[in-house]
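Trainee: Before I ask anything, here is the structure I am working with.
Values in this text are rule-based calculations from the coordinates and carry no lab data. Since the model is a prediction, treat every value here as computed from it, not as a measurement. Because the Cβ atoms are built from the backbone with ideal geometry, glycine has one as well, and the counts that use them run over all protein chains shown.
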Amino acid sequence: MLFISAVLLTAHARAVMEVQDISIPLVADLPELERRLSVLTNQVEMGELHAMTRVGSQEERVNVFVLPTQPDFDRLMAIFDIFRDSLEREGLIADVSDITLDDPVQREDLVTRAVTMTFDAHQDGIEKFLSVMKLSGLLTIGDALTAQERRILLERTEAENPAGITALEQFLSTDLLRYARDSHSYEQQLLRSFSSPEFVSTFQDTLRLSFLRDARRILNSEIGRSIDRFDLWPFPFLIVNDIRLETGGAPGWYAVNVEMDLYSRG
Amino acid sequence: MSNSTKTNKRPSHSFGAIAQRGSMPLFIFSAVLLGTLTFSWYSLLPELTTVEVGGELRDAKSLKSYHASLTAQILVAQEQRNALILPMEGTAFRALTEKKHMQFPLFTLRTEIERVATTVRVEESKRAVYLSSMQYSLEFATVDFSGSVRNVGPRSMTVLAQFVEELRSLNFVDELKSPRFTREQKEDGSFYSPFHIQISLQ
């Protein structure tokens, strides 16, 4: 009996220790986890409802313009022409070479073609060129933000107004060109769902520090207006692979040799 | 007083006798202890160690599995929500977009390298490090740049070594291939050290 008592006593001690080491910390976490799950489930339901009413999916536009099965070279050349004309007028670029296109190379599901060109440019012109290249292939505000920037906005939405997810979803799926032409009204539309200074401050930081600022600047300039006028938006997907800068004759000027990859699906 | 000797006669306490006398209290103690512990195990302990969560009474083990299941459900819901917020998750398009965002900005690189080049000098002498070309391979995350160290007389190699050390300390530098340290002389007799440096980015 004493032996059984000792076993039971040990079991008691173990049970009490489990409460102290496991149950108490878990119980402290559970309300927050349950709240988070409920918020996320509501957000998913609202998101699904909104997604059903969305007209024209992003996927269709990606397949037609951004990653087509057969690249539209005329469209690509027209984009480069607009870029060159605009920067030449601003006196930021000179001696733009012909653009050469290499043979296609299969890379997993995608096909790439190397696009090379040379030009002389002021460093402001090179910065604009790189911003235009970074813009290529991006469609929406959400695409222009990094995963980290989107995560921060989502966390603030969860904390402040979980129902505001629909407004955030609408904002992130806004076309970049449309946003750039009237950024204030799109931003105000989102801010109507979130009033706290914390959200406003996070949101302003995102607008100021992300690529959205460059995207707005480019698409709101002469280049953006021409792109809109000639219906060249969105751009095909280009990624700069290699860029070589040689110090030029005048201060701030460089001889630039750039190689990009043009992506397509087949 | 009588001169008699007193002897203390103590009864002999053999182990058997002690066990015989103590067995009953020990039995009673053990029985009471066991009874109390059994009662506690089935009645008191569950009351004290279980909590009602989600409409159910849960002990430590059950709480652990409930916690794990909640965490897993949160991850699934989070993925579903993110997929709704940002369509085309997991596609080639999204992978390419992320690749774009991962690229290190060229002008941040150039500005930082230029900053180091202008700060490395000998006392109050003129600028010593000049960059002539820079090649940035975004695919391989490497930067190659060339230039020369001049205006510092025969100390050009020392200044070049200082420049290399300063570059190594930049936070985006993962690996730096040291240049070939040479000192050459121009027609006018001045010394200079040409260099070619390759940096792998973090």
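Trainee: Helix B:106-119 versus the longest principal axis of chain B: what angle, 0 to 90°, nearest 10, using Cα atoms?
Mentor: The answer is roughly 80 degrees.
Trainee: By how many degrees, between 0 and 90 and to the nearest 10, does the Cα long axis of helix B:92-102 differ from the longest principal axis of chain B?
Mentor: Roughly 80 degrees, rounded to the nearest 10.
Trainee: Which residues make up the longest stretch of chain B that has no trypsin sites (Lys or Arg not before Pro) in a DSSP loop with at most 12 other Cβ atoms within 10 Å?
Mentor: B:10-125
Trainee: Taking 30 Å as R0, compute the FRET efficiency from the Cβ-Cβ separation of B:Ala31 and A:Met17 and round it to 0.05.
Mentor: Between B:Ala31 and A:Met17 the formula returns 0.65.
Trainee: Quick one: putting +1 on the C-beta of Lys and Arg, -1 on the C-beta of Asp and Glu, what dipole do you get for the protein assembly as shown around its Cα centre, in Debye to the nearest 20?
Mentor: Computed about the Cα centre, the dipole is about 2480 debye.
Trainee: What is the dipole size for segment A:142-212, taken about its Cα centre, with +1 at each Lys and Arg Cβ and -1 at each Asp and Glu Cβ, in debye to the nearest 20?
Mentor: Values: 7 positive and 11 negative charges, 29 e Å.
Once rounded to the nearest 20, the dipole reads 140 debye.
Trainee: I've got another one for you. Looking at segment A:36-138, which GluC sites (Glu not before Pro) are DSSP coil and have at most 15 other C-beta atoms within 10 Å of their C-beta?
Mentor: Answer by residue number: A:Glu90, A:Glu108.
Trainee: So, in nm, how far is label B:Ser23 from label A:Leu191 when the simple model puts each one 7 Å beyond its Cα toward the Cβ?
Mentor: 9.1 nm
Trainee: Have a look at A:Leu177, A:Leu209, A:Leu30 and tell me which one the Gaussian network model of chain A (Cα, springs below 10 Å) gives the largest fluctuation.
Mentor: A:Leu30
Trainee: Using r as the Cβ-Cβ distance of A:Thr116 and A:Val27, and R0 as 51 Å, what FRET efficiency do you calculate, to the nearest 0.05?
Mentor: 0.20
Trainee: Please compute the modelled spin-label separation between A:Arg178 and A:Leu209, points set 7 Å along Cα→Cβ, answer in nm with one decimal.
Mentor: Label-label distance for A:Leu209 and A:Arg178, simple model: 2.9 nm.
Trainee: Counting only helical runs of four or more DSSP H residues, what would the 222 nm mean residue ellipticity of the protein assembly as shown come to if each run contributes -39,500 (n - 2.57) and the total is spread over all its residues?
Mentor: -16500 deg cm²/dmol
Trainee: Can I ask one more? Rounded to the nearest 20 Debye, what is the dipole magnitude of chain A about its Cα centre when Lys and Arg each give +1 and Asp and Glu each give -1 at the C-beta?
Mentor: For this selection, approximately 560 debye.
Trainee: Filter the DSSP H helices in chain A by two things, a Kyte-Doolittle mean of at least 0.5 and an axial alpha-carbon span of 15 angstrom or more, and list the hits by number.
Mentor: Once both thresholds are applied, what remains is A:2-18.
Trainee: For segment B:89-144 and segment A:218-233, what is the separation of their C-alpha centers, rounded to whole Å?
Mentor: If you average the Cα positions of each part, the centres end up 29 Å apart.
Trainee: Between A:Asp74 and A:Ile99, how many nm apart are label points set 7 Å from Cα along the C-beta direction?
Mentor: 1.5 nm
Trainee: Let me check I've understood the local charge: for B:Thr118, count other residues with C-beta under 12 angstrom from its C-beta, Lys and Arg +1, Asp and Glu -1. What total comes out?
Mentor: +1
Trainee: Another one. Between B:Ala68 and A:Thr10, take the C-beta separation as r, use R0 = 30 Å, and let me know the FRET efficiency to the nearest 0.05.
Mentor: Step by step, r from the Cβ atoms, then E = 0.65.
Trainee: Taking 0.36 nm per residue of separation and subtracting the Cα-Cα distance, what length does fully extending A:Asn42 through A:Thr146 add? Working shown, then result.
Mentor: Values: separation 104, 0.36 × 104 = 37.44 nm, distance 2.46 nm.
Taking 0.36 nm per residue and subtracting the Cα distance, the gain is 35.0 nm.
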